[in-house]
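Report on the structure given below.
The values are calculated or read from the model by the stated rules, or taken from the named source; none is laboratory data. Bear in mind the structure is a predicted one, so any value in this text is a computation, not a measurement. Heads up, the Cβs are rebuilt from the backbone with ideal geometry, glycines too, and the neighbour counts pull from every protein chain shown. All accessible areas refer to the heavy atoms of the entire protein, side chains included, with ligands and DNA or RNA removed. Shrake-Rupley method; radii C 1.70, N 1.55, O 1.52, S 1.80 Å.
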Amino acid sequence: MTENVLVAQLRQAKAKWMDLYDSLPDQVPASQGTVSKAAITSWFDFNIAGLDRFFRQEEMDAGIVSVYLPSIMSSVANIEGHMLNAVSNGPNWLAQTTQTLMSLLWTIRSSLPWLLRDGGSEADLAKFPRIQEIITQANAIEALFAKATGYEDQINRSVANAKSQEAALQDQIEKINVSERQAKTAETNATASSVAAKAEKEKVDQYVSTLSEAIEAQKKLFAEFEAKRESIDATLEGASKVAMARSFQERRKALGETQDRWRNIFIVGIGGLAVFGYLLGMQFVDIVKSAGGIPGDTLGLALLLVRFLVLGPLVWLTWFAARQYGHVLRLTEDYAFKEAAAHAFVGYRTEMGEDAEMLRLLREYAIENFGANPVRTLSKNEPVTPLNEVLDKTLGKVSPDKLAEILSTLLKKEPK
C-alpha cells in the first residue's frame, strides 16, 4: 500500500510538471549555471522507475530501508507540495525554484542505489545504466574503505602506544606543575592574607567609628521617640474622649432644641387657653344679656358644648406639648449623663492601672451605660388624648361596677 502511494504521488507531481513544461524556458536556473528542463523530466522518470522497482523486489535490507526510506517519503511529499504551489503561482515561479525541485529529486535519486544494490538481475539493472555505474563506484569505495580500515587499525595501535608514552610524560609534567602551582598558591595566599588582614583592620576601624556615631544617633532618636509617644498618648486620650462623647453631645443638643420647641408650644397653648377662655366668657355674657336670660339646663349644655368645641383642641395640644416636653427632658438628661460618662471613661481607666477586675467592671459598666436605649426612660403606654389618660387613671382606681353606678346616677339626676 505504501509503495503505491509514494509512486502515485510522484507520478502526479510529474503530471503537474508536464502541464507547465511547454511554458518553461529550455534552460532553467540551477546552483551552477543552468540546466535543461528535459533533464529534470528524466530525473522524474528515473525516480519513478527506481521507486517502483524498489517496492517490487522481494528482499530488502531493513537497516538500509530504515535509513533512506524516511528521507524519500519526506522528499516525495515536498515535491508534491512544490508542484501544487507551482500550479497556483504559475510557470515563472516554477522556473525560479527549479533548484529546490532538483534538490528534492536528487535526495530520492541518491538513495536508490543503496536500496536496489542487493536486489534484481543484471537485466533489471541494465534498465538503469546510471544505477549500475553508481553500484560499481560504490563497490570500489567499499574496497578502498576496507583497506583504509586496515591502515586505520595500524595507525590506531601506533597512536595508542604514543598516547601511553605521552600520558606517562604528561603525568610527570603534571606532578612538576602541581608542585609549582602549590608553591605559587602558597605565596599568593600569604600575600593575599596580608593584604586582606590590613583591609579588614581598616574596615573594623571604620565600623567602630560608624557604630559609635550610630549609638549617639540612636540615643537621640529614642529620646525624640519618647517625647513623641507621650504627645501621641495625650492626643489619643483626648481624641478618645471626644470621639466617645461627641455623638452623645450632638444628640443631647438636638434633643435640647426639640425640648425648646415643645416648651414654646406649651406656653402658647396655655396662653391660648387663657385668652380664649376670657373671650368666650365675655361673648357668652353678651349673648345672655341680649337674649334676656337662658334657662338653666340649656345654659349649662350650651356652655359645655362651646367649651368642648373651642377649648378641646387647645387643651389637647397643651397636654401633648407638656408630655413631649417631659419626654425630651428625660432623653436630654440621659444623653447628658452618657456624655459625662464618656468624658470620664479614659480617666477612670488610667486611674485603675493594671487592676484587671476593676477594668472588667469598668468595661461592663461602660457597655451597659453607653448601649442602653434612651427610650427606656419613656412610658410604654402613652395615652393619645387627655381624656384617655383620665379614663385610664380612673379605671385603674375605680372598678367597672362602681363606674357604671356613678354614670347611672348622673344620668338619672334631674336638673335643677
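Condition check for M73 on (1) touching a residue at least 40 places away in the same chain (Cβ under 8 Å); (2) in contact with a helix residue (DSSP H, G or I) (Cβ under 8 Å, 6 or more places away or on another chain); (3) over 16 Å from L6 (Cβ atoms); (4) open to solvent by 70 Å² or more (accessible area, probe 1.4 Å): one failure, at (3). Criterion applied to G150, G119 was being under 29 Å from W17 (Cβ atoms) and either modelled with pLDDT of 90 or more or open to solvent by less than 40 Å² (accessible area, probe 1.4 Å) (or both), and the one residue passing it is G119.
Out of V87, V159, one residue alone is at pLDDT 85 or above and surrounded by fewer than 16 Cβ atoms within 10 Å (Cβ to Cβ). It is V87. Residues being among the hydrophobic types (A, V, I, L, M, F, W, C), open to solvent by 50 Å² or more (accessible area, probe 1.4 Å) and touching a residue at least 24 places away in the same chain (Cβ under 8 Å): count how many of those fall in the stretch 33-66. Adding up the residues that qualify gives 2.
Flag: I232 matches the condition of being closer than 30 Å to H343 by Cβ and modelled with pLDDT under 75.
Here's the yes/no breakdown for (1) under 26 Å from W262 (Cα atoms); (2) assigned by the TED database to the domain that holds T258; (3) modelled with pLDDT of 75 or more:
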{"position": "L331", "(1), (2), (3)": "yes, yes, yes"}
{"position": "K380", "(1), (2), (3)": "yes, yes, no"}
{"position": "P383", "(1), (2), (3)": "yes, yes, no"}
{"position": "L395", "(1), (2), (3)": "no, yes, no"}
{"position": "P400", "(1), (2), (3)": "no, yes, no"}
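For Q9, the criteria (1) among the polar types (S, T, N, Q); (2) outside any loop (DSSP other than H, G, I, E, B); (3) open to solvent by 60 Å² or more (accessible area, probe 1.4 Å) hold in every case but one, which is (3).
For V28, are the conditions met, namely being within 18 Å of L104 (Cβ to Cβ), in a helix (DSSP H, G or I) and aliphatic (A, V, I, L, M)? Judged against the criteria, V28 is not a match.
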